[in-house]
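Remarks on the structure that follows.
The values are calculated or read from the model by the stated rules, or taken from the named source; none is laboratory data. Note that the coordinates shown come from a computational prediction; the quantities given were computed from them, not determined experimentally. Cβ placement follows ideal geometry from the backbone for every residue including glycine, while neighbour counts extend to all protein chains displayed. Side chains are part of the model used for accessible areas, which takes the heavy atoms of the whole protein and leaves out ligands, DNA and RNA. Shrake-Rupley method; radii C 1.70, N 1.55, O 1.52, S 1.80 Å.
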Amino acid sequence: MTLAYAEKVFGKINVFDLINEFGSPLYVYDEETLRLRCRELRNLLKYPSFRVNYSAKANTNVELLKIIREEDLDVDAMSPGEMYLEIKAGFTSERIMFIGNNVSREEMQFAVDRGIYISVDSLSQLILLGEVNPGGDVCLRLNPGIGAGHHEKVITGGKKAKFGIAIGDLPQAQEIAARYQLTITGLNQHIGSLFLETEEYVAAAAQLLEIASALPSVKILDFGGGMGIPYRHGLEARLDLEKLGRELDEVIYNWVKNNRPITIRIEPGRYVVAECGAILGMVTAVKNNYNTDFIGCDIGFNTLIRPAMYDSYHEISVVPAQARAYAEYDGDVYLVGQICESGDILAHDRVLPLCREGDGLIVHDAGAYGFAMASTYNSRPLPAEVLIQCDGKVRLIRKAQTLEDLWPEK
Ligand code: LLP
């Protein structure tokens, strides 16, 4: 990304106008970008029996979920909380899939009571579902023994990942299903998060199709999510969706020709929402300690944990409080937050525009796993979220918490 001072977020709205009205830090979403990403994925395959399940763990703001529903995506859920929010956003039960991990009997019952399709990811959870809902349908989450992802913490397939039923345990899963008259109508997998090349995903999809050949009751195959976005602007190429679609279509059509019609699902989270979100913040203090420049700001890892947790990279723009000539730091710069931990680092070892107290900041591509992973650590209330609508108007879609929210009175 060529560095220059910025003024507007998404090239649309003045940063200080938003901060003055809604406070700082602030999550801002762009409806146009969200709809664009939804449509790209809806059109991924030529194969007609195809659904996109948005993986809502990336962002569960109900107003964003409503837009995603309007764009004809379905959803997955990881918890009763996510199912609750999805139902609030207008998703009917058939459009929700519960892909839990180590869930309790009560949580499984929550989904069964609402007629929501359930994927289980261990033999133990399959037995539990058999007890809760004998005679029902079930999807099995398989661990194909291969994984991929941007950081070891987000690789969800493979021999050391906690997810999924090992392929060798399939015969046992069939036995358990038969014992409880459960019909295995689906298979799903998710090998990991953030791929920008297609090979591993397509190979894993082909393997899942292969497994389905031997299971005639299976009508739905869910290949999982993980589609990445180029966080490093201008340096990383976009995931080639056209190529991904073509390669997936090829393996699917070939399989269908020799087997039977089947419904295909994918389950992207990040790709849908990452780029439509940004965080606005303010520079609160600057200093140079022992030859290192520290820019202190109000975006700590309570607001965005990805850099601290995975050393993730987000582009940063600086908005000068008063117009001035462009200048850069030379040498290492640390952009840090307000949290009482030395790991509270938003960006390190990179060239950044020179900052002064009172400047504004834009953290780009923060729509996925941003607010969803935010916390009130150090007793800092959660920030507000606003939406820049397609008509250019700005709408508050979640109020900022207040100090009173930190201890709600009974
Ligand atoms: N399906 C399942 C079963 C998943 O576990 C996940 C993500 C997804 C779909 C969606 O993956 P996506 O398309 O968003 O890559 N907090 C991390 C990412 C954790 C992903 C966990 N599972 C981050 O900020 O990079």
When you go through (1) open to solvent by 20 Å² or more (accessible area, probe 1.4 Å); (2) closer than 25 Å to Val28 by Cα; (3) assigned to a strand (DSSP E or B) one by one for Ile295, which number turns out not to apply?
-> (1)
Can you confirm whether segment 208-226 contains a residue that is within 14 Å of the ligand (Cβ to nearest atom), among the hydrophobic types (A, V, I, L, M, F, W, C), open to solvent by 10 Å² or more (accessible area, probe 1.4 Å) and closer than 30 Å to Arg306 by Cα?
-> no
Restricting segment 263-292 to residues that are in a loop (DSSP other than H, G, I, E, B) and within 14 Å of the ligand (Cβ to nearest atom), the residue that is surrounded by the most Cβ atoms within 10 Å (Cβ to Cβ) = Pro268
Give, as residue ranges, the strands (runs of 3 or more DSSP E) completely inside segment 318-410 that count at least 1 residues that are open to solvent by less than 20 Å² (accessible area, probe 1.4 Å) and more than 26 Å from Cys276 (Cβ to Cβ).
-> 333-336
Evaluate the following for Ala278: is it over 25 Å from the mean Cα position of the chain (by Cα), within 30 Å of Val319 (Cβ to Cβ) and in contact (Cβ under 8 Å) with a residue 60 or more places away in the chain?
-> no
So Leu128 clears everything in (1) touching a helix residue (DSSP H, G or I) at 6+ places or on another chain (Cβ under 9 Å); (2) more than 20 Å from Gln174 (Cα to Cα) except one condition, right? Which one?
-> (2)
Need at least 3 residues that are at pLDDT 95 or above and not β-branched (Val, Ile, Thr) per element, so show me which strands (runs of 3 or more DSSP E) inside segment 65-179 make the cut, counting only ones lying wholly within it.
-> 74-77, 137-143
